[in-house]
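To start, the structure itself, in structure tokens.
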Amino acid sequence: MWHFVSPRIVFGESALSSLEEISMSRALVVTDQNLVQIGLVEQVLDQIKKAGCEVLVFDEVEPDPTLAAVELGKKAANDFQPDWIIGLGGGSPMDTSKAIWVLYERPDLIPAEINPFIHLGLREKSRLITIPTTSGTGADVTWAIVLTDSENNRKMGLGNRENAADIALVDPALASGMPPRLTADTGLDALTHAVEGFICTWHTDITDGLCLNAAREIFNYLPIAYEASQSDNPRQERYQQAREKMHNAATSAGLGFGNAMASLAHAMGHVLGSVFHIPHGRAVGLCLPYTIEFAARGDGTSRIATLARILDIRAPKNEIGEKFSSKLRDLASAVGNPLSLEELGLEKKDFEDQLDKLVDDAFNDTQIITSPRCPSFEELEKIFQYVYQGHPIDF
Amino acid sequence: MAYKFPSDEWIKALSELLNASDSYQRSAKDWEGDFIFIADPDDAYPETAYLHLQLYHGSSAGAAQVYPDDMPETEFIINAPYSTWRKVIDGKLDPIQGMMTGQLKLQGDLMKVMRYPKAAQEIVSCCAKIPTDWP
């Protein structure tokens with residue numbers, strides 16, 4: 001027995017305009033200051049105001065959102081009493097909006113208590129809309145909430161099936177202006193969701209197709225979307241098509257892994273993000289070729305082979321991990337991403353000083369238990385060292 | 001030699017395997033909290049059985065089958081029908097998925113358990129290593 005959870009998804013060109021059809025009287029928009037500055041928040045507010053709705057913008061979300069930001073947002077919600085909360089942005093604003101929503105509805109809880117095993121009883125006061133402005137996190141359709149415990153430098157994986165959004169508005173125009181680095185990082189994040197959602201031990205028949213198709217689309221369209229991000233003429237049809245394909249693929253991958261699980265690259269990426277503040281997509285995308293090589297040397301080969309076939313990678317079974325990882329590295333290089341922590345500019349001493357913490361915290365990340373091949377402590381330490389050096393996994 | 005599940009011998013075998021597991025010791029090095037595992041009766045097994053497992057800082061100080069009139073107080077209790085336990089021990093049901101779908105019912109601080117996923121996985125791995133005789 002398992003569950004598949006999804007918001008109602010409105011997607012494609014002009015999806016944002018469906019906001020005016022939603023009956024709402026007081027909307028709290030949870031976002032960040034950058035999106036206010038570049039005008040995306042204004043576009044959304046224009047649509048909401050057409051519905052004759054009062055709006056409060058909470059724009060104090062920062063990358064790697066903290067418990068403190070959630071607390072501030074909860075206070076804003078309690079003061080404003082919205083009937084809709086709108087998470088607008090990348091993963092940070094959308095995850096923050098989910099946490100604010102839960103705590104607004106359930107003031108008896110603290111964030112650490114938002115877990116999959118309890119009945120929350122949401123939707124008594126308000127409902128949630130998510131609007132992604134990047135093509136990567138899938139947070140628009142997942143129920144996961146990732147917050148940062150800044151006291152312990154640790155990411156907290158929270159969430160409950162009930163806190164998936166009611167509606168996700170997936171409008172490619174909102175992500176079409178992403179700069180090159182953000183395009184690359186978020187695209188590799190989506191790819192890691194698609195790949196890990198497919199190979200993890202919690203994969204399901206319902207999620208497999210979403211993950212496979214998303215992986216294929218990302219391989220085809222991420223390089224073009226990256227090119228678009230550097231172009232003087234980003235409105236060319238092929239660029240717009242690539243942006244839309246990437247936006248849909250990110251949501252598909254979110255539905256896929258969000259209803260299955262991720263895996264070792266996420267466990268490692270989460271700790272690299274919290275300890276060294278590496279952007280999430282860059283961290284998980286960097287780890288992925290190594291974790292695929294590691295899995296392919298264990299029990300993960302058959303699903304990696306299926307994934308490779310979809311991507312037209314032909315190789316004997318004993319070379320499939322290596323070939324697939326090589327294709328992953330080629331894609332990362334094509335979009336200008338580093339292939340090792342050393343190349344990323346991390347000082348060796350800083351890495352070595354934190355290695356024990358990286359290993360311990362990765363082992364306490366929920367994503368590790370769904371790895372097709374679960375490493376021992378010694379193996380995980382070695383994988384981190386190989387990721388630092390850029391050395392393909394050979395054990 | 002195979003150990004009957006559920007029994008005093010079976011839970012003691014689990015305690016010994018945990019103490020021999022480096023991986024468990026490291027992943028649960030800060031863990032504090034004993035468990036009672038309750039196997040509820042179903043079509044495959046007609047009685048209720050209670051197994052007590054002591055866990056502290058990466059090792060198990062002891063384990064025993066216990067009975068309602070001398071039940072120790074523990075921080076955690078997990079209930080499931082006998083056949084569900086069999087699925088967990090055979091590796092056919094992930095215990096965390098089991099808890100998320102209500103097939104296993106945990107009483108205690110759920111978030112504390114979720115902070116130690118690798119330790120939970122090691123306990124299940126050790127369960128699978130016990131030669132088990134299913135009534």
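Every number here is computed from the coordinates shown, using simple stated rules; none is lab data. Worth saying up front: this structure is predicted, and the values here are computed from it rather than measured. Every residue, glycine among them, receives a Cβ derived from its backbone with ideal geometry; neighbour counts consider all protein chains shown.
Order these by the 10 Å Cβ neighbour count, fewest first: A:Trp143, A:Trp2.
A:Trp2, A:Trp143
For chain A, what is the charge dipole size about the Cα centre, in debye to the nearest 20, if Lys and Arg each add +1 at the Cβ and Asp and Glu each add -1 at the Cβ?
Numbers: 34 positive and 55 negative charges, 196 e Å.
Roughly 940 debye, rounded to the nearest 20.
Using only the Cα atoms, work out Rg/Rh for the protein assembly as shown, with Rh taken as the Kirkwood radius, to two decimals. Walk me through the intermediate numbers first.
On the way: Rg = 23.7 Å, Rh = 24.0 Å.
Using Cα coordinates only, the ratio equals 0.99.
Going by how many other Cβ atoms sit within 10 Å of their own, how do B:Thr132, A:Thr207 line up, fewest first?
Working: B:Thr132 18, A:Thr207 24.
So the ranking, lowest neighbour count to highest, is B:Thr132, A:Thr207.
If you put +1 on each Lys and Arg Cβ and -1 on each Asp and Glu Cβ, how big is the dipole of region A:8-175 around its Cα centre, in Debye rounded to 20? List each step's numbers first, then the result.
On the way: 14 positive and 25 negative charges, 73 e Å.
Magnitude of the dipole: close to 360 debye.
Determine the distance separating the Cα centre of region B:10-49 from the Cα centre of region A:242-273; give it in Å without decimals.
34 Å
What's the exposure ranking of A:Thr137, B:Thr74, going from fewest to most Cβ atoms within 10 Å?
Going from sparsest to densest Cβ surroundings: B:Thr74, A:Thr137.
Excluding residues fewer than 8 places away in the same chain, name every one of the aspartates and glutamates whose C-alpha is closer than 18 Å to that of B:Lys4.
Those aspartates and glutamates meeting the cut-off are B:Glu16, B:Asp40, B:Asp42, B:Asp43, B:Glu47, B:Asp90, B:Asp133.
So what's the net charge close to A:Ala175: Lys and Arg +1, Asp and Glu -1, counting the other residues with Cβ under 10 Å from its Cβ?
Charge balance in the 10 Å sphere: -1.
If you average the sequence gap of Cα pairs under 8 Å that are 6 or more apart and divide by the length of region A:180-389, what percent do you get for the contact order?
Details: 320 pairs, mean separation 57.8, N = 210.
This gives 28 percent for region A:180-389.
Take the alpha-carbon centre of region A:50-112, take the same for region A:335-395, and report the distance between them in whole Å.
Cα centroid of region A:50-112 versus Cα centroid of region A:335-395: 33 Å apart.
Once Lys and Arg get +1 and Asp and Glu get -1 on their Cβ, which of B:Gly91, A:Val359, A:Phe117 lies farthest toward the positive end of the dipole of the protein assembly as shown?
Working it through, the farthest residue towards the positive pole turns out to be B:Gly91.
Under 26 Å from the Cα of B:Lys118, which lysines turn up, not counting those fewer than eight places away in the same chain?
Leaving aside lysines fewer than 8 places away in the same chain, those within reach of B:Lys118 are A:Lys155, A:Lys357, A:Lys382, B:Lys12, B:Lys29, B:Lys87, B:Lys92, B:Lys105, B:Lys129.
Region A:1-120: Rg/Rh from Cα coordinates, Kirkwood Rh?
Values: Rg = 14.7 Å, Rh = 15.2 Å.
Rounded to two decimals, Rg/Rh equals 0.97.
Please compute the contact order of region B:77-135 in relative form: average sequence separation of alpha-carbon pairs under 8 Å and at least six residues apart, divided by the residue count, as a percent. Don't skip to the answer; put the middle values down first.
Numbers: 31 pairs, mean separation 22.8, N = 59.
Answer for region B:77-135 is 39 percent.
Lysines within cross-link reach of A:Lys125: Cα-Cα under 26 Å, excluding same-chain residues under 8 positions apart?
A:Lys49, A:Lys50, A:Lys74, A:Lys75, A:Lys98
Assuming a ≥ b ≥ c are the square roots of the Cα gyration tensor eigenvalues, decide whether region A:290-395 counts as rounded (a/c under 1.5), prolate (otherwise, with a/b larger than b/c) or oblate. Provide the component values of the computation, followed by the final result.
Working: a/c = 2.31, a/b = 1.36, b/c = 1.70.
Taking the square roots of the gyration eigenvalues as a ≥ b ≥ c, region A:290-395 is oblate.
Counting every Cα pair in region A:180-389, what percent are over 22 Å apart?
Working: 9938 of 21945 pairs.
For region A:180-389, the share of Cα pairs beyond 22 Å comes to 45 percent.
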